Structures are given as C-alpha cells and as structure tokens.
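Everything below concerns the one structure shown next.
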Amino acid sequence: MAHTFTRTFKASILAALFAITGALAHAQDWPAKPIVIVMGFPAGSGVDVVARTLQDSMEKALNAKIITDYRSGAGGNIASEVVAKARADGYTILLGTAATHGINPVLYRNLPFDVDNDFTPIAPLVDVSNVLTINPEVIDASTVKEFIDKVKASPGKYNYASTGNGTGTHLAFAEFNTKAGLNMVHVPYKGGPEALQGVLKGDVCCIFNQVQTVLGQWRAGKVRLLGVSTKTRVNAVPEIPAIAEAGLPGFESYTWFGLFGPKGLDPQITTAINGAVRKALETPAVRQKLTDAGNTPRIETVEQFRATVKSDRAKWAAVVKASGATID
C-alpha cells in the first residue's frame, strides 16, 4: 500500500514537472506562427484604425505576423466568445473594449462566457473620446446647448445612431440623454462605418462617434461636430469644446481599447505582448498618429490593466443603471 502511494505520488510530481517544462518550452518557442487578433467590430471602425496603427511596430517587436479576424456583431460578444473558447497558446488574442469587458457584462444577462474568469488581460492601447456628431440637415444646431434645446422641444422626434447595442457610443448617448433630460430614439447599427452612413444619409440625426472616425466627413463639411465627450478638449480637434464646457456641465464619457487572451495564457507570453504594445505606444510616430486621430495612448502593466478592467466595470454598471439603457 505504501509502495503504491509512493509510486503514485512520484508519478504525480513527474507529470507536474513535465507540464511545467512543456509550458516553459512553449513560451520560449512562441511565436512560431502568425498571431490572430480577433475584433468584434468591422474593418474601418475606430478599433480597427488603432489596431492598424500599432500593427507594424508590434510585428517587429514580436517578430511575428499579425492577422486580423473580423467577427463583428452583438456589441463585440461574438468575438469575445471566440477568444474565450480558444486555446491559450498566444496565437488567438481579442481586441476588446470598455464595452466588451465593462458594459456588456452589465447589459447582457446570459453571456456565453465569464469576463472575469475566461480571459487574461494583457494591455490597454488607448483611451478614446467620442464627439457629438450631427447632420445639420436633420437637426440644425451649432452648439451643444442649441442641440439640447431643439431635442427638448420635440420629444421622441429625433433618432440617434450607435455602433451597436451596449457599445460605448450607445451608453455615451444614453447617459447624455439622461443628464440633459432628452427623449430620443436609439437606432443601433452593426458598427461605426454603418452608423456614420446612417447619419450622412439622414436616417438618424446624430451619433456619439469616435473622433478618429468622423474627421474625414467633418473636414469635408458633411457633418458638424458640437462637443467632445471627455472633460477637456482633444488635440485632434482643439476648436471643438468639451460637452462639459459647452452646455452640459460635469458630463464625461470615454472608453478604452485593450488586448485580452484566453484564460490560462502563459505569463511570459502575456508579458511579451504587453511589452510589444508598450514599445509601439512609445514610438513617436505611432504616438503622434494616435493623438492626431483623437486617441490618448494608455500604457499599463498587466497587473494595472487587470485593475483597470475591474474598476471600469463598476463604473459602467452605475452608468447603465442611471441611464436606464437596455438591450433592444
């Protein structure tokens, strides 16, 4: 009996050592093939623009090709599920947002994954400001205050777009409506490009879209920008006031983008990707391109990012409750 126990114990120890040795060898060999970044939003969206800006620098830092896999829909939940169920080998990474890991867990009751336990936070990329963007042919307002007054005068008349149910653009506008006392109709789209087209065509009057995604249309005179959602102005459009200073004191709403792996991702791989992100964000040309587009680079360690994700979820839970936003 004692001999059997001893043999079993030794076998368990050997198995554990082999597992550890195998994991270390795997981490040392990584990356041996392209890394796939799964994205829950379409090509051309703000998330995609940031990913493309960082891609070249990250590929050089990691010595690996990066491929984008677009799985848009359900506010990013489709992409999140793909990564949550993927092998934790460092070759399948999620480009998540404050919406996928902060808002969605509050809005969706039956997600097919657990945002706390099914992912490994890796690194944040940027903080993103939204801007109140309008089609002046649908609602002719020149300031935030004028916009609020016109919407208040016609409750339920105006429709606003979002990049999808439960996304940051949805919640930002829902919070704005609550604080301004507005009655508007929410029209969700599959992503940023489709939502902006809805504004341009006049199907909806307006959207809280990321600064970087509306600059081209604004410069072409096709849309009007009334105010950015951050507390202070954005370098990319310094002439556009913050909403807090232009008609709705105290208003602030922004989101972040970040990378996540499946649960159990090797710490060495996690640290390597975090380091590649840091190197990219510290590259002057990359940093300038991001800020010119209205983003603020955000550098954190793995541990800091994990804390950010946790605290941010608590913040969005309060926003969802206060705004009364729901999934249609």
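FYI, it's all coordinate maths here, none of it is from the lab. In this text the structure is predicted, and so the values were computed from the model without any measurement. Cβ coordinates were reconstructed from backbone atoms using ideal geometry, including for glycine residues, and neighbour counts include every protein chain displayed.
Observations
- With both labels modelled 7 Å from their Cα along Cα-to-Cβ, the residue 157 to residue 28 distance reads 7.1 nm.
- Cross-link pairs beyond the 29 Å C-alpha cut-off, checked among 152/231; 201/279; 60/222: 201/279; 60/222
- Two-site label geometry, residue 245 and residue 185: point separation in nm, points 7 Å out along Cα→Cβ: 3.6
- In order along segment 37-53, phi translates into HN-Hα couplings of 9, 8, 10, x, 9, x, 4, x, 6, x, 4, 5, 4, 5, 4, 5, 5 Hz, rounded to whole numbers, per the Karplus curve 6.51 cos²θ - 1.76 cosθ + 1.60 with θ = phi - 60° and x for Gly and Pro.
- Protection-proxy order for peptides 278-290, 221-233, 94-106, each taking the mean of Cβ atoms within 10 Å per residue, highest first: 94-106, 221-233, 278-290
- Segment residue 60..residue 143, full-extension length gain: 25.4 nm, with 0.36 nm per residue of separation and the alpha-carbon distance subtracted.
- Helix-derived mean residue ellipticity, 222 nm - over the chain, DSSP H n ≥ 4, -39500 (n - 2.57), to 500: -14000 deg cm²/dmol
- Other residues lying with their Cβ under 12 Å from the Cβ of residue 322 contribute a combined charge of +2, Lys and Arg counting +1, Asp and Glu -1.
- Amide N proximity, segment 274-291 versus residue 302 label position 7 Å along Cα-to-Cβ, cut-off under 18 Å: 274-280
- Residue among 129, 100, 296 farthest towards the positive dipole end of the chain, charges placed on Cβ: 100
- Label-point separation, residue 178 to residue 235 (7 Å along Cα→Cβ), nm: 3.2
- Karplus-derived 3J(HN,Hα) values for segment 213-226, using 6.51 cos²θ - 1.76 cosθ + 1.60 with θ = phi - 60°, are 8, 10, 4, x, 5, 5, 5, 7, x, 8, 9, 10, 9, 9 Hz; glycine and proline are entered as x.
- Between segment 270-314 and segment 73-95, the alpha-carbon centres lie 19 Å apart.
- The 3J(HN,Hα) values that the Karplus relation (6.51, -1.76, 1.60; θ = phi - 60°) gives for segment 66-72 are, in residue order, 10, 10, 9, 10, 7, 10, 6 Hz. Gly and Pro appear as x.
- Cα shape, segment 115-184, gyration tensor, a/c 1.5 rule: prolate
- When every Cα-Cα distance of segment 198-328 is counted in 10 angstrom steps from zero, the calculated P(r) takes the values 10, 30, 35, 21, 5 percent.
- Under 14 Å from residue 321, Cα to Cα: aspartates and glutamates that are on another chain or at least 8 residues apart: 175
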